[in-house]
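Below you'll find the structure, written out as structure tokens, and then a few comments.
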Amino acid sequence: MAPDTHDPDRIIGDIFCRLSRCRESLGEDSLVKVAAAVRVALGAAVLEEAERRAAALAERTGPRPRDVRVTAWARRTGGDPYDVGDDLP
């Protein structure tokens, strides 16, 4: 049975059905090993999706030619960026 890829609830239900069948046919020890592999695969897929979304967001929010750029006065003049002005009257 191929899950309906447009319904996330159905996909998740299919995963649980397959794990249940694994338990019935292979036993409890095999289920533990399969479940561990599923967690690893799920973690890898989540990380990949998060990185894809972060890259898309970084691309959208990158600097644009019209953006205003702010630079500290000390960096513009070559002064000491840690000078807090203690010698002022």
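Points worth noting:
Okay, residues lined up against (1) open to solvent by less than 100 Å² (accessible area, probe 1.4 Å); (2) farther than 30 Å from PHE16 by Cβ; (3) modelled with pLDDT under 65:
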{"residue": "GLY43", "(1), (2), (3)": "yes, no, no"}
{"residue": "ALA50", "(1), (2), (3)": "yes, no, no"}
{"residue": "ALA54", "(1), (2), (3)": "yes, no, no"}
{"residue": "LEU57", "(1), (2), (3)": "yes, yes, no"}
{"residue": "THR71", "(1), (2), (3)": "yes, yes, no"}
{"residue": "ALA74", "(1), (2), (3)": "yes, yes, yes"}
{"residue": "VAL84", "(1), (2), (3)": "no, yes, yes"}
{"residue": "ASP87", "(1), (2), (3)": "no, yes, yes"}
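- For ARG39: the one exception among (1) open to solvent by 90 Å² or more (accessible area, probe 1.4 Å); (2) over 18 Å from ILE11 (Cβ atoms); (3) not acidic (Asp, Glu): (2)
- Residue within region 24-46 that is in contact with a Cys (Cβ under 8 Å, 6 or more places away or on another chain) and free of Cβ contacts under 8 Å to residues at least 12 places away in the same chain present: yes
The values are calculated or read from the model by the stated rules, or taken from the named source; none is laboratory data. Note that the structure is predicted; figures quoted are calculated from it, not measured. Positions of Cβ are backbone-derived with ideal geometry, glycine not excepted, and every protein chain shown enters the neighbour counts. What goes into the accessible areas is simple: the full protein's heavy atoms, side chains included, and nothing from ligands, DNA or RNA. Shrake-Rupley method; radii C 1.70, N 1.55, O 1.52, S 1.80 Å.
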